[in-house]
Amino acid sequence: MSEDILAEAYSDVIEFVRKGHPEEIEAAYDFFWEEEDPTDLLGGHSLELGFINFEDWLICDYRPEDGGPGFIDRYIEAESPSGELKGVLEKLKTSFISLYEVTRPGNPIRLKDISLGGDAFESDDEQMSELEQGYTFAARFIELNGSQKICGCVYPFGIKMKEEIVRLIDAQYARYKKNKDPEGTMKDFLVVESYAFNMTWMSCLDRPMK
């Protein structure tokens, strides 16, 4: 399966959303940024990354208030993709953002999921080949060509902020259980409230991350 198919999946769905659902983009945009204007808060590479992260969330995680399907399901129903493209879209549908730490740098890089625990895993994704030991970031992964590939978003937190980020995410998970789903697992929280990583990341941008 070509890695280009992942980029094609994102491109096709976002074009579908822009053409057919512009009003929902505006509502989702306000929700994701908590009605802040990101251009007032971010600049340069951080602003560019913020917009990329928004589109990833919009495609993979956004759900309308009426409980209807997300945009991947709507795209599949409208366009009937087949073969590799449909396979990647199905993987994106069940993917989620979590918090990762580099346990062995290089290529393949070795990562562990800080939020969910479990065994560490390797990835030969060249986008991460220069990350240092202990580097912490939030991202979405899917299996592609026998390796875990990073998808359309990344929230970089660096090395020094691991404990604070874990504390912030744990606090948001506790609020989720208290206010929305007392039986909810950490994975449930990561799936339903993935946008929490955005404001957590933005709150840390003025701190040294190395």
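Quick rundown of the values:
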{"item": "Candidates S95, S11 - the one that is under 23 Å from I165 (Cβ atoms) and among the polar types (S, T, N, Q)", "result": "S95"}
{"item": "Single condition P69 does not satisfy, out of (1) part of a helix (DSSP H, G or I); (2) over 16 Å from S203 (Cβ atoms); (3) not hydrophobic (A, V, I, L, M, F, W, C)", "result": "(1)"}
{"item": "Members of segment 105-144 that are in a loop (DSSP other than H, G, I, E, B), touching a strand residue (DSSP E or B) at 6+ places or on another chain (Cβ under 7 Å) and either of a type in the set (A, V, I, L, M) or more than 18 Å from F197 (Cα to Cα) (or both)", "result": "P108, I114, L116, A120, D124, D125, S129, L131, E132, Q133, G134"}
{"item": "Lone qualifier among D56, D73, D61 - being touching a residue at least 12 places away in the same chain (Cβ under 8 Å) and surrounded by fewer than 20 Cβ atoms within 10 Å (Cβ to Cβ)", "result": "D73"}
{"item": "Filter result for V88 (among the β-branched types (V, I, T), out of contact with any Ser or Thr (no Cβ under 7 Å at 6 or more places or on another chain) and outside any helix (DSSP H, G or I))", "result": "no"}
{"item": "Condition check for Y10: farther than 21 Å from S203 by Cα, modelled with pLDDT of 95 or more, part of a loop (DSSP other than H, G, I, E, B) and not assigned by TED's automatic domain parsing to the domain that holds E143", "result": "no"}
{"item": "Check on L42, in the same structural domain as E79 (by TED's automatic domain parsing), touching a Gly at 6+ places or on another chain (Cβ under 6 Å) and either more than 28 Å from K149 (Cα to Cα) or among the hydrophobic types (A, V, I, L, M, F, W, C) (or both)", "result": "yes"}
{"item": "Selection from segment 140-181 of residues that are among the hydroxyl-bearing types (S, T, Y) and closer than 17 Å to S115 by Cα", "result": "Y155, Y173, Y176"}
{"item": "Condition check for E101: exposed (fewer than 15 other Cβ atoms within 10 Å of the Cβ) and in contact with a helix residue (DSSP H, G or I) (Cβ under 8 Å, 6 or more places away or on another chain)", "result": "no"}
{"item": "Checklist (1) touching a strand residue (DSSP E or B) at 6+ places or on another chain (Cβ under 8 Å); (2) at pLDDT 95 or above; (3) over 24 Å from T94 (Cβ atoms) applied to K210, failing item", "result": "(2)"}
{"item": "Residues being touching a residue at least 40 places away in the same chain (Cβ under 8 Å) and within 17 Å of the chain's Cα centre (by Cα) - total across segment 144-203", "result": "25"}
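The values are calculated or read from the model by the stated rules, or taken from the named source; none is laboratory data. Fair warning: this is a prediction, and the values are worked out from it, not measured in the lab. Counting neighbours? That spans all protein chains shown, and the Cβs are built from the backbone with ideal geometry, glycine included.
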